[in-house]
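We did not get these values from a lab; they are worked out from the coordinates using the rules stated. Bear in mind the structure is a predicted one, so any value in this text is a computation, not a measurement. Neighbour counts run over all protein chains shown; Cβ positions are idealised from the backbone, glycine included.
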Ligand SMILES: *Cc1c(COP(=O)(O)O)cnc(C)c1O
């Protein structure tokens, strides 16, 4: 463990001091609820009942379900409107505008930079090495006393690879700030990830989401795992009713369907490898990187032209050739078998 770690000194001073919004209900619990100016006649045209009430601001039962699933305690869990909300709250808790900075490791997910820049934090870049792994020494050298956050994405978007545990561990032990590991794709990797380790590392925040492996991008439910002290800051500054009642309901229901979720994860992994075998046979395709996620990073001749032609033919993939070390690359999400057939057939038919 990092002996000099001091959580309070990393927290933006006004966030440390502020007192959160508090509702009467969170103090007194159940009873005749005439405290929140809800409409007591409700919305009778919707069958789901209870929607006229504000949802539980603490998301107690949902956090309990996630805790049980991941083998941690509910107090180590924050639930947000996608992991994007957790990223936004992180830069606000740990970033004093115009003063602090964050480190990102390109090529990586774009939201870390956007969230940091909205908060007027400087963004330092320490690129991944040629194997798309974190350059640990370079990261530690780049960090300044004003560096409060390091964002790692494992498995990484857009490269698809899981980062080696020993490199992450060295960063956790030596980086003087919060280490965020974004595990949006962890369930496709076969690795158990770092969520249960937040009790060992007070500077660790792990982000997960229901958008990918759970197949629920539409409900917007993300999770941050961290020490109880860090979670308290999340709870302090989040909008009180950030998880709406429908999202909470569908998120919680998904834990009754873990068999289906696991079955689909396996199916997507198999389909990913089937897609890889077919794509690599195509003339313009040069390299397909190993993937621990539900997408492939494909290096190909005339990637931009193929990207455009695919789109003209109704097949949308992501051009990533402008990302560090990803020249001539497309990022392709693994679809259903039919969708993947369509992608491969369209690629075959394109004449440049
Ligand atoms: C898709 C993705 C997310 C998910 O964000 P949500 O807001 O939870 O939908 C987070 N991080 C990475 C790296 C992603 O690729």
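The table below lists the values:
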item: Surface/4 of the Cα convex hull for the stretch 153-271, nm²; result: 8.4 nm²
item: Per-selection Kirkwood Rh - the stretch 43-188 (Cα, Å, 1 d.p.); result: 17.0 Å
item: Listed residues 44, 106, 155, most fluctuating in the chain (Gaussian network, C-alpha, under 10 Å); result: 44
item: Distance between the stretch 129-166 and the stretch 43-96 - C-alpha centres, whole angstrom; result: 28 Å
item: For peptides 280-286, 109-115, 222-228, sequence by mean Cβ density within 10 Å, most packed first; result: 222-228, 109-115, 280-286
item: Among 32, 128, 221: highest mean-square fluctuation, GNM of the chain, C-alpha pairs under 10 Å; result: 32
item: Normalised contact order of the chain, rounded percent, pairs of Cα under 8 Å and 6 or more residues apart; result: 17 percent
item: Taking 96, 79 and counting other C-beta atoms within 10 Å, the order from fewest to most; result: 96, 79
item: Efficiency of FRET between residue 281 and residue 255 - r from beta-carbon atoms, R0 41 angstrom, step 0.05; result: 0.50
item: Projected area averaged over orientations for the stretch 17-57, convex hull of C-alpha atoms, nm²; result: 3.7 nm²
item: Convex hull volume per residue for the stretch 199-352, taking Cα atoms only, in Å³; result: 168 Å³
item: Candidates 293, 135, 43: whichever shows maximal mean-square fluctuation once the chain is modelled as a Gaussian network with Cα springs under 10 Å; result: 43
item: Pairwise label distance in nanometres, residue 28 with residue 274, each label 7 Å out on the Cα-Cβ vector; result: 5.9 nm
item: Percent breakdown of C-alpha pair distances by 10 Å bin, ordered from the shortest bin, for the chain; result: 5, 23, 30, 24, 14, 4, 0
item: Cα long-axis angle, helix 258-279 against the chain (0 to 90 degrees, to the nearest 10); result: 20 degrees
item: Estimated D of the stretch 215-255 in µm² per second, where Rh is the Kirkwood radius over Cα pairs and Stokes-Einstein applies at 10 °C, 1.306 mPa s; result: 137 µm²/s
item: Computed E for residue 40/residue 73 - FRET, C-beta separation, R0 41 angstrom, nearest 0.05; result: 0.70
